[in-house]
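Just so it is clear, none of the values below were taken in a lab; they were calculated from the coordinates. Because the structure is predicted, anything quoted here is derived from the model rather than measured. Every residue, glycine among them, receives a Cβ derived from its backbone with ideal geometry; neighbour counts consider all protein chains shown.
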Amino acid sequence: MSMDELGFESEITIPEELYNSFKNTEYNINDITQIIENINGTETLNKLKGLIGLNKLYLLEIKKEEPNQIFNDINTLFNLLENYPEKFKFECFKILTSIEHINFTIEKFIKNEPTDKIVKIILFIFSFPEKFKLDLLLADLDYVNIITNDKNIIKKLGTENLYEKIKKLIKNEGYSQNELIINTCIKILSKIFENDNEINKNKVIILDFIPILAYLMNNFKGNKDIIAFELQILYKVTNTNVDENSPIVKDIMDKIIEMNLLPKIMDIIDKSDINFDQNQILFSLRILGNFVAMENSYYTDKVIECNILDELKKLMEPQYSFGIRKEASWIISNIAAGTPQQLTKLYENNFQDILFNIILNEDNSKIKENCLWALYNYSNINNPEYLDILVEKGFLDIIIKRFSIDNGDTLGCSLEALAKILMDGKKKDPAMFNIIETKINELDILKELKNLYKNNVENICKNRIEFILNNIFGIKDLNNFISEKEND
């Protein structure tokens, strides 16, 4: 990016021999007032001396106790940027970044929203990072990280432009191993992806960025901050596009699989479990949850291949936070809603006992509801022997208990599972008939259905009750059955 592109006026030339003669002499820093007078004066050489002196003051940070003397003259620096030669402009860039650095150190806050001029300076520095000393580059990154807490400032910086410059900085060989730079860059990118939906819908940008995330995940495994912000970005881009109808969702998921990120995310869960980093576990689960929420069973299979079932068993234990257990239970319910093979894997890994235990003993209704939906999907299990065991364990008992819940979706799911077990169980296995008949009498299911029907439940639930009574119990005269009084 040239100065003209930044909107500055054409340069005024300075005699090369004059500049060189000054450059080769030692300039002593005396008084800050004299420096400001030189900058504000009309003599070209004195301006240059003052400017470089000011730069040295800030680079050496020897005047921290008097920052406002310089803050009040920032407009002078902008004037130099717009009206004086390249030699001045570069020094001005360095000074302005130093001012912000000291502003953070002393004032601990940003005085004003950045002007368009400061925005141009920021973008210029990120375009040519190698021209600036490391502490100045870091100061500028810190500044951007702070101001991008404001969505409006992100827009002023130009999200896509800022994204491209930060991405190039991460890939820059001179800085790609510097954890301080990478850490701040990834924080800024996290805010960009969080606050700009246009970025999240840009297929080219996202697909281009996923390999960078893979690189960072490989090279900064031990840096919790970098990994945490990476996970937030991955969650954001997968969550925004998780809608099956999105034109880019498949490409995003496929790219993540191609870059071998799923095993790495699973490894983060495993390692975080040892260190008990609940935040990393939470975001990892949310990303994997977006995969298993896809209608295409291929994505769920890829997650199962990474041994997620073993991790889910651990994460449902009570020592984990509500958030982690809720996400884990949601993933289980989605796997249970998948193919017969996926459901069978849950059964063979003994998840039914986990689900029974949580439904009967868990206090939190959301976790209990997720597990309930997962268990109801067990009614689709393609193995009569498994179904026998589930009924013997109390599957029908749990369904009947759900009839007291005032929730149309849960009640409808309860009735659907009941119909599935009663109908398929009798058809597939003669032995199952006896088990179910015993449970029908023990739980007084006909009475429960009648009472439920009388409670003015939603029409969809009434229709399911009518289906069960008609097609499973052979009751054709529903009006008479419903109006029948119970015997004492």
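Structural remarks
- Tensor-based shape of region 438-479 (alpha-carbon gyration tensor, a/c under 1.5 rounded, otherwise prolate or oblate): oblate
- For region 284-301 and region 344-392, distance of Cα centres in Å: 20 Å
- Dipole of region 172-219 [Lys/Arg +1, Asp/Glu -1 at C-beta], most positive-end residue of PHE193, ASN178, TYR215: PHE193
- Greater than 32 Å apart at Cα, pairs in LYS345/LYS439; LYS326/LYS401; LYS345/LYS366; LYS155/LYS326: LYS155/LYS326
- Cβ crowding within 10 Å, taken as a proxy for footprinting-reagent exposure, orders MET423, MET316 from fewest neighbours to most as MET423, MET316.
- Each residue in ILE227, ILE367, ILE332 was given a count of other beta-carbon atoms within 10 angstrom of its own, and listing them fewest first yields ILE367, ILE227, ILE332.
- Projected label points at GLU484 and ASP310, each 7 Å from Cα along the beta carbon direction, are separated by 5.4 nanometres.
- Percent RCO, i.e. relative contact order, over region 383-488, from Cα pairs under 8 Å lying at least 6 residues apart: 28 percent
- Rg [Å, one decimal], Dmax [Å, integer] - region 383-488, C-alpha atoms: 13.5, 40
- Cross-link table LYS250/LYS368; LYS133/LYS187; LYS133/LYS171, entries beyond 29 Å C-alpha to C-alpha: LYS250/LYS368
- Counting neighbouring Cβ atoms within 10 Å and putting the fewest first, the residues CYS306, CYS461, CYS185 line up as CYS306, CYS461, CYS185.
- Length gained when the stretch ASN382-ASN364 is fully extended (0.36 nm per residue, less Cα-Cα span): 3.4 nm
- Distance (nanometres) between label positions extended 7 Å along Cα→Cβ at LEU443 and ASN46: 9.6 nm
- Straightening the chain between ASP254 and ASN455 buys 67.5 nm, computed as 0.36 nm per residue apart minus the Cα-Cα spacing.
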